[in-house]
Structures are given as structure tokens and as C-alpha cells.
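Asker: One structure is given below, represented as C-alpha cells, and several questions about it will come after.
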Amino acid sequence: MSAIKEAKIKFSQAKVKEILADYRLAVESREASLIGRKEVFMGKAKFGIFGDGKELAQIAMAKVFRKGDFRAGYYRDQTFMFAIGELTVQQYFAQLYAHTSVEADPASAGRLMNGHYATRFLDDSGKLKALTELKNSSADISPTAGQMPRLLGLAYASKLFRHNPALKEFPGLSTNGNEIAFGTIGNASTSEGMFFEAINAAGVLQVPMLTSIWDDDYGISVPQEYHTTKGSISRALAGLQRTETEKGFEIMTVKGWDYPGLIEAYLKAEKICREEHVPILFHVQEMTQPQGHSTSGSHERYKSKERLAWEVEHDCIRKMREWIINEVLILPEEVDAIEREAKLSAKQAKERAWRAFMDDVRKDQTLVSKIINRAIEQSKRGASLEPIRDDLNKAINPTRLETMRAAKKAIRLLVDEETEAKGELARWIKNAADDNLDRYSSHMMSLSDESALNVKGVEAIYTETSPIVDGREVLQACFDAALTRDPRILAFGEDVGKIGDVNQGFAGLQAKHGELRVTDTGIRECTIVGQGIGTALRGLKPIAEIQYLDYFIYALPTLSDDLACLYYRTKGGQKAPLIVRTRGHRLEGVWHAGSQIGMLLHSLRGVYIISPRNMTQAAGFYNTMLKSDDPSVIIECLNGYRLKERLPENIGEFTIPIGIPEVLKVGTDVTIVTYGSMCRVVMEAAEALEESGVSCEVIDVQTLLPFDIHHSILESVKKTSRIVFADEDVPGGATSFMMQEVLEKQDAYQHLDSKPLTITAKEHRPAYASDGDYFSKPNPEDVFEKVYNLMVEVNPSKFSPLY
Ligand SMILES: Cc1ncc(C[n+]2csc(CCOP(=O)(O)OP(=O)(O)O)c2C)c(N)n1
Ligand SMILES: [Mg+2]
């Protein structure tokens, strides 16, 4: 305390206390990094990536991070998470050990590598908590810069909350849009397209996005000169700086070891960002990596002696210690005591985390070992069982797989015996399998009451006077009703605003509902999806449009890495009920006729994939998904907007349950399973086949994920004993998926009397020539011939070959 008195000249007593607490936290966090690395080298954890060298900037950033704010960052942010009180050192180690428990590792329940941070937005029933009362971190992902699209969306939501008065009725979601979205990213990762796309969009949108760049001059082994023009991202982006007359960014640069400078700069940045909604580029330079990039290799391999010496000299904790002694006038002994206490505290937290993790894993190891012991006494193969038990007992740091393998090896030896021990072992295996499903494979889709699977169907109502309109008008009426019904619903995308999308599904709706609800965006698919994820995370109901399915590929990384696994990777801690609207299947040429459904199925498990055959079905699915908290992709038929459909009287209310196929035509000879635009093609072929004496049952699966949840296609196959899967994807694409679902999962193979067939597009995308579609995608004649030829094989006396 005497030291504090002396420092009074420059700093108040309270300030000194705060400084010392900050220093203590920095040291504790550093110690956690150092211990973490040792734990990996001792084999107690698989991999480690740490935040050493980045501590002070994160402590400074935490000082301006208020309740209701959001973080979207990357793996270096442990000190920040400690500083905002959303991560304990024990939880930090629990994640390093991959403790599969939400209580131990609330960010990911052991599903993510260490250094991937997240807070829990949802309560146990899956409902959104009052986010304004919490310090929120959206869930990290490993792909560098992958956080940027989401960051943009989190910031964009603040703008909507501030300027749309109708959203005031949701106080738990925002306080007048005052929330800042704080981003963090490494210097090397700023080379990614997603970074540039998100930064540009934030400048255009003028949203409260405060992006800090942790610049340690390296990206693993690669130095700055390979990454960034002029060797400095703030210099490279200097043209973004706002001026008296032009909107833009506020760009700030600070040194990573300058504790008072960082605090001052963050206070300034916060004020501009929060009050004026001006995006900030906060470039923190001269950071270090005391232990190198990660436990995968040592930095002595690629950093020069001079660089390594420079890093020691500029270590932010060393610099802060010097500053505390020289400027705050704290005695070195007092600083030493703080360091000792902080290090001990980190060590004790590590020990608690390890004990909890081991207790959890050992429970099963001990139990199975005991059961095998009894089996040895009760079995004639006791001698063969002994080494299995001994190996299991020997495991010093046991994992669940060792226990499971021991149990399964043992039960193989007991296969022809009926003993008490064998019965218990079998029971243990079954229960453990269930427990492991929960640990490793649960939470693919929403488990809350609002799950899309719980949305009941409401029939469309038609009267004699229901008008017959263009398909696009059905959609427009549906969107109009949705926007009128719920102020949280909004739509955005390229050309969605002023002209109401390229096919006019939103025509006139911007004029009616305002620019914040129906909005144009730049051409930037990845961040359009990010805007959707961020706003959905914050409790809004976005419909983000990707203009054509062909351009989905630009958005796919964010959809796959971020959206699709969000609920899974947080084990139900966060959800983003985003609807991604697009259009595809067939129209014109190589890039306006895409039907890459296999690509979606393979990369987007965790998102429902809906492929309606017309705009009425599409409207029903929009209504369904807007009631649910699951994310979805809805693919409209590109060639269906001008086809005539009857407008339901209850356009805003009718819903179509997901996972339920619809029989479009009843038949007895062959079942044809299809979806989307192919429904019309198959129906035309089926009518022609009927005239040639072949009775087809045509089934529209409607939703590919989930797929036929009640196995209704099996019932059709039982009747016809023949099946054809038809679509416009490449051979081996979504037709193969459907075939597996029906033949393997539904066991339909037992009822087949003919080879199962697929009808697909060619391997290339459709040529543009006027008849390119006809010769590239399946047409009614193709379907006719394939099915007819099948019947020639079945019954040559009735069906003669065509040619
Ligand atoms: C898309 C992607 N490419 C490559 C990697 C592998 N990788 C992980 S970290 C890293 C370097 C990142 O450097 P930087 O952004 O400067 O952050 P730092 O680790 O230096 O803090 C790389 C290449 C990755 N995770 N994601
Ligand atoms: Mg770096």
C-alpha cells in the first residue's frame, strides 16, 4: 500500500488498483498459455494455440466492451474473454483437454479446439436470453477471417435496432442499437477476401463494427512482406479514412505493448463507434508471439535471432512491468508478489480442470475394468480377457475410446456365453453409445419447441374467386404478409430493394415497408450471408438472398463453416434461424441454370434444404421456416416466376410441414422420385407414359433435408416395386443421396424387382445455345425413354423397344 501512496501524484488509488489488477490478469493469462503448452507436450492435450503476446490490447478492449455488445474473433482472445468475465481459467483448460461437458467448457462442450470462444445466447429450452444483459461472444471458427462476415451482420443489427422504431418492442435484443460488434483478426488473415469484403461493406453500411487487428508481423512462418501491401494493413487501407465531407472508417494505430496508449485509444474508438455508428479499423502493431504460433512447431525455425531478441524486448508484459515500476512507482517486490500469486492461481485452475476432466473419463474406465474383472471370473475365456483389462488399467491419461474398445473387444470373446458380467457389459456398451451420441453428435438441428419439425401444416385455402396470378405475385403476397406480421422479418440482397429482386418477388415492398426492411446490398455473397447470420444471432428474422444458385459457391464457405455448424459447435448455445433465398435449376446457360443440390447436401448438414416445385409451395415453406428457429435454404424455380398459380386466400398463414413428400400422380408400375423444376418435366413424361401403358407414381420430395421423415416413399415402392430418382444435378449428385435414403435407410431394396435408376443432368453445366438446356438437362423425352426402357426389360411381350 505504501507504493500506492507514492504513486498518488500521477494516479488515484483506485486507478492504481485497476492497473495492478490488469497486470495480474495479464500475468495469469500468460501463465495459462505457458502451462497450456506444457500440457500438450506432456500428452495431456492434443494441440494448443495461445494468446501470449496479445494480452494488453485485449485487456484494454475489454474496458470498453459493455453489456449487450458482441465479439466475433479468433483464437488469440483468451485474455479478452477472461477480462470480460466470460471465461474462467479453469474453463480455458477444460477446453484444452476437450472436456465434453457444457458446464466445464461452455463455449463448445469439447467440440472445438482450444482457443475457440463463445458465450451461451440460449437458455436450456433453446430460447434466446436477454442479450442486452450479457457480454456476448459469437462462436469462433478456425478458418482465418471466417468471423468477418458474421461480424458485419452483428454490427448491422445495431443499425436496424437504432433506426427501426418497430423493433423497440423487443427490449432484450437491443438498447437503441447502442451495441458495438467487436472483431478481432490476425494481421496475416487480413489478406483473405472475406476481410476485404466485410470491411468495404461496413464502410458502405456505416455500422458500429470495431475491428482490431492483432499484428505480430507473422502468419505462422510467413512474414508481413508476403501478406500486405506496404507491409501495413492500416496504411494499405488508408483510403477508407473518413473526412469532413465523406463517410468512411476511423483508422487508428497503437502499439501492442503500450498499456496507457491502448486504453486511451479504445476509449476514443468506442465513443465514435457507439455514438456515431462509424466503423473503426484498430490496428495494434508490434505484438509478439513468445511461444510461436502453436504447439505444432517452434518459431526458432523461421524467425531470425534479431527478431527473437526484438520480441523479448517488446513483450507487452515486460513493458507493462517496467511502466508500472517506473511510472506508477510500484516497488519491484510488490510486482513480484502479484506475479507469484497470478501464476499460482493459473496453476491451481489448471489442476482443477484436469481433475474434473479425468474424474469424468475415469468413471467409465474404472467401471468397465471392474466388469471385465468379473467376466474373467465367470468366463471360460478369462485368460484372453486379462490382457484387455490390463491394457485398460495401464492407460495413464485414458480416453473414452480406450474404454469403449476394451468393452467391445471383451464382448466379442463372450459372444457365446450368458453370464451376469456379460449382460452388464452389453448394457454399458449400449448406454455409453447413447451418451457418446449426445457428447459428439447431438444438436445438428434445433431441439427447441420452435424446431421446424414442430411447425404443423396449415392447408392453403382457395375460394372460387381466388385470383390466378403469376408465380412471382404469390411470393410477393407472402413476403408482404410476413413483413406486415412481424417487424423482426427483413430481406436483403442484390437488387432486392428498389426493384424488389430480379424476378420481382419483393416488388413494391421496399416502398411499403421501408428501406431497412427490404434492402439492396452490394455484390458480395459471402457477407450477405454474414449479414444474415449476425442479424439472426441477434434475434431478427432475416431472409438473405443469393441471386442465383450458381453464385452460392461464393457464399458457401460462410454457410458451411459458420452457419451450418453453429448450433452443433456450441452444443445448443447459439442459433441463427436464417433463411437463405435463392433460385435455380434451369433457365439459361452455364451460370443461370445451376442445380448443385449435391454440393449443398454435402456441405450444409445443419441447414434445412428446401426445393419447392412452384411459388405456392415456396410461400408455404417460407411461412413454415419463419415460424421456426432452424436455418434453411429455399431454392425457387428459376423458370417458374411467370407461370400461373392460384393465390391462396390465407397466403400469410398457410404452412407446409417439412420432410413430407407429396404424391403428384398416383401410379402402379414405377415410382419416380424428384423435386423442384423437374416435377413439371417428370409429370409431362408421366402423362405420355400413361398413354403408352406405363403407370407412374410421381413423388415430389419437397425438402431434401430433412428427407421423407415418415418413409412414405417406401410405401410407394412396396406397390410399384420399381424406382427412378430424377433431378438436374450431376450424375452421382442428389439422386445418389435420395437413393441411399430410400434403398438403405428405408430398406426399400427388399421390394425392388428392377434395378434402381437415376435420371440426371449431364456432367457439364448446360450450354447456352437455345437448345442447350434440352440437351444438357433431363427433358421429358429422356424421362419417357428411361422409364419406358425399364418396362421393356420387365415385360418385353407388352413393351416393344422404341428403336
Ligand atoms: C482459411 C484458412 N487458411 C489457413 C489456415 C491455417 N492457419 C491457421 S492460423 C494461420 C496464420 C494466421 O496468422 P495471423 O492472421 O497473422 O494470426 P496469428 O496467428 O499470427 O495471430 C494459418 C495460415 C486456416 N486456419 N484457415
Ligand atoms: Mg500474425
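The values are calculated or read from the model by the stated rules, or taken from the named source; none is laboratory data. Just so we're clear, the structure is a prediction, and the values are computed from it rather than from any experiment. Cβ: placed from backbone, ideal geometry, glycine included. Neighbour counts: every protein chain shown. These accessible areas exclude ligands, DNA and RNA; they are computed on the full protein's heavy atoms, side chains included. Shrake-Rupley method; radii C 1.70, N 1.55, O 1.52, S 1.80 Å.
Asker: Keeping all protein chains in the complex and leaving out DNA, RNA and ligands, what accessible area do you get for Arg605 with a 1.4 Å probe, in Å² to the nearest 10?
Answerer: 110 Å²
Asker: Please report the Cα spread of the stretch 517-562 along all three principal axes, rounded to whole Å, starting with the longest.
Answerer: Principal extents (largest minus smallest coordinate, Cα): 28, 24, 14 Å.
Asker: Mind jotting down the distance between the C-alpha centroids of the stretch 236-285 and the stretch 564-580, whole Å?
Answerer: Computed from Cα coordinates, the inter-centre distance equals 31 Å.
Asker: Rounding to the nearest 10 and keeping the result within 0 to 90°, find how far the Cα-based axis of helix 332-378 lies from the longest principal axis of the chain.
Answerer: 40 degrees
Asker: Using the basic label-point model (7 angstrom from Cα toward the beta carbon), what is the His163 to Lys798 distance in nanometres?
Answerer: 6.6 nm
Asker: At 10 °C and a viscosity of 1.306 mPa s, what translational diffusion coefficient does Stokes-Einstein give for the stretch 518-633, taking Rh as the Kirkwood radius over Cα pairs? Give it in µm²/s as a whole number.
Answerer: 110 µm²/s
Asker: From largest to smallest, what semi-axes in whole angstrom does the stretch 35-78 give when each is the square root of 5 times an eigenvalue of its alpha carbon gyration tensor?
Answerer: 27, 11, 7
Asker: Also: At q = 0.18 Å⁻¹, what base-10 log of I(q)/I(0) does the Debye formula yield for the stretch 700-803 when every alpha carbon is treated as an equal point scatterer in vacuo?
Answerer: Once normalised to I(0) and log-transformed, intensities are -0.96.
Asker: What is the diffusion coefficient of the stretch 581-715 in µm²/s, taking the Kirkwood radius over Cα pairs and the Stokes-Einstein relation at 25 °C with a viscosity of 0.890 mPa s?
Answerer: Roughly 156 µm²/s, to the nearest whole number.
Asker: Please compute the Kirkwood hydrodynamic radius of the stretch 663-752 from all pairs of different C-alpha atoms, in Å with one decimal.
Answerer: Kirkwood hydrodynamic radius for the stretch 663-752: 13.0 Å.
Asker: For Lys798, which lysines qualify as cross-link partners when the Cα separation must be under 28 Å and same-chain residues fewer than eight apart are set aside?
Answerer: Lys665, Lys718, Lys719, Lys755, Lys786
Asker: Now for a different question. Note down, for the stretch 147-226, the three equivalent ellipsoid semi-axes (square root of 5 times each alpha carbon gyration tensor eigenvalue), biggest first, whole angstrom.
Answerer: Taking √(5λ) for each eigenvalue gives 32, 11, 8 Å, largest first.
Asker: Right, next: Roughly what percent of Cα-Cα pairs across the stretch 302-413 reach past 21 Å?
Answerer: When every Cα pair of the stretch 302-413 is considered, 62 percent fall beyond 21 Å.
Asker: I've got another one for you. Which listed residue (Ser695, Ile660, Ala104) has the Cα farthest towards the positive end of the charge dipole for the chain, taking +1 on Lys and Arg C-beta and -1 on Asp and Glu C-beta about the Cα centre?
Answerer: Among Ser695, Ile660, Ala104, the one farthest towards the positive end of the dipole of the chain is Ala104.
Asker: Taking a 1.4 Å probe, which of Glu377, Glu420 shows the most accessible area, and what order do the others take after it?
Answerer: Greatest to least solvent exposure: Glu377, Glu420.
Asker: From the convex hull of the Cα coordinates of the chain, what is the mean projected area in square nanometres?
Answerer: Projected area, direction-averaged: 42.3 nm².
Asker: Counting just the Cα atoms, what span does the stretch 388-471 cover along each of its three principal axes? Round to the nearest Å and put the largest first.
Answerer: 79, 32, 22
Asker: Which value, in debye to the nearest 20, describes the size of the charge dipole of the stretch 1-116 about its Cα centre when Lys and Arg Cβ atoms bear +1, Asp and Glu Cβ atoms bear -1, and nothing else is charged?
Answerer: 300 debye
Asker: In square nanometres and to one decimal, what's the mean projected area of the convex hull around the Cα atoms of the stretch 94-161?
Answerer: 5.3 nm²
Asker: Taking all protein chains in place and a 1.4 Å probe, what share, in percent, of the accessible surface of the chain do carbon and sulfur account for?
Answerer: 53 percent
Asker: 222 nm [θ] for the chain, helices only, -39500 (n - 2.57) per DSSP H run of 4+, per residue, to 500?
Answerer: My calculation for the chain gives -13000 deg cm²/dmol from helical runs alone.
Asker: Could you sort 31-38, 178-185 so that the peptide with the highest average Cβ count within 10 Å comes first and the rest follow in order?
Answerer: The densest-packed peptide leads the list: 178-185, 31-38.
Asker: Here's something else I'd like to know. Compute from the Cα atoms of the stretch 175-273 the Rg and the Dmax, the latter being the longest Cα-Cα distance, and quote both in angstrom.
Answerer: Computed over the Cα atoms of the stretch 175-273, radius of gyration and Dmax are 14.0, 44 Å.
Asker: When 1/r is averaged over all different Cα pairs and the result inverted, which Kirkwood radius in Å belongs to the stretch 534-601?
Answerer: Evaluated over the stretch 534-601, this radius sits at 13.1 Å.
Asker: OK, next. Note down, for the stretch 1-159, the three equivalent ellipsoid semi-axes (square root of 5 times each alpha carbon gyration tensor eigenvalue), biggest first, whole angstrom.
Answerer: 28, 22, 14
Asker: Over all directions, the average projected area of the alpha-carbon convex hull for the stretch 465-506 comes to how many nm²?
Answerer: 3.4 nm²
Asker: Rounded to the nearest 20 Debye, what is the dipole magnitude of the chain about its Cα centre when Lys and Arg each give +1 and Asp and Glu each give -1 at the C-beta?
Answerer: It works out to roughly 2260 debye.
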